[in-house]
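Worksheet: the structure to be examined is printed underneath.
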Amino acid sequence: QVQLVESGGGLVQAGGSLRLSCTASGRTFSSYAMGWFCQAPGKQRELVAHITSGGTTWYTDSVKGRFTISRDNAKNTVYLQMNSLKPEDTAVYYCAAGYGSMFKGEEYMYEYWGQGTQVTVSS
């Protein structure tokens with residue numbers, strides 16, 4: 001069993017930055033691919049960034065060049081550094097863990113989810 005706890009959300013002005021953190025319980029964190037999803041009001045949850053157990057990263061087009069996903073296996077933590085934030089980035093952000101080294105682009109590929117953290121970007 002893996003429990004995920006997110007932190008770092010909040011209210012920021014457009015152009016500002018936030019860093020989200022997601023800390024996992026358990027001793028096999030390094031074996032999991034990690035994803036950050038976002039869900040805006042009235043919209044489906046979508047994958048924003050992904051990092052494999054080996055450290056390979058992927059980003060959806062709308063955040064490329066602005067967001068950076070990273071992981072620290074010694075701290076069982078994955079991060080999402082969010083720069084140049086836009087009002088359209090406003091959403092609840094969830095981290096998720098999926099066992100194995102392959103890229104996981106769909107929600108069903110993830111076994112564990114955090115509770116979500118709200119990010120609000122004002123214009």
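Numbers for the structure displayed
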quantity: Matching strands (runs of 3 or more DSSP E) fully within region 41-123 where at least 1 residues are within 17 Å of C22 (Cα to Cα), open to solvent by less than 50 Å² (accessible area, probe 1.4 Å) and among the hydrophobic types (A, V, I, L, M, F, W, C); calculated: 46-51, 67-72, 77-82, 91-99, 117-122
quantity: Whichever residue in region 2-18 is polar (S, T, N, Q) and part of a loop (DSSP other than H, G, I, E, B) and, among such residues, is surrounded by the fewest Cβ atoms within 10 Å (Cβ to Cβ); calculated: S17
quantity: Yes/no for L80 being touching a Gly at 6+ places or on another chain (Cβ under 6 Å) and hydrophobic (A, V, I, L, M, F, W, C); calculated: no
quantity: Leading residue by the ranking (nearest to D89 (Cα to Cα)) among those in region 19-39 that are open to solvent by 30 Å² or more (accessible area, probe 1.4 Å) and modelled with pLDDT of 95 or more; calculated: Q39
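The values are calculated or read from the model by the stated rules, or taken from the named source; none is laboratory data. Treat the numbers as computed from the prediction; the structure is a model and nothing was measured. Please note: Cβ atoms are built from the backbone with ideal geometry, for glycine as well, and neighbour counts cover all protein chains shown. Heavy atoms of the whole protein, side chains included, go into the accessibility calculation; ligands, DNA and RNA do not. Shrake-Rupley method; radii C 1.70, N 1.55, O 1.52, S 1.80 Å.
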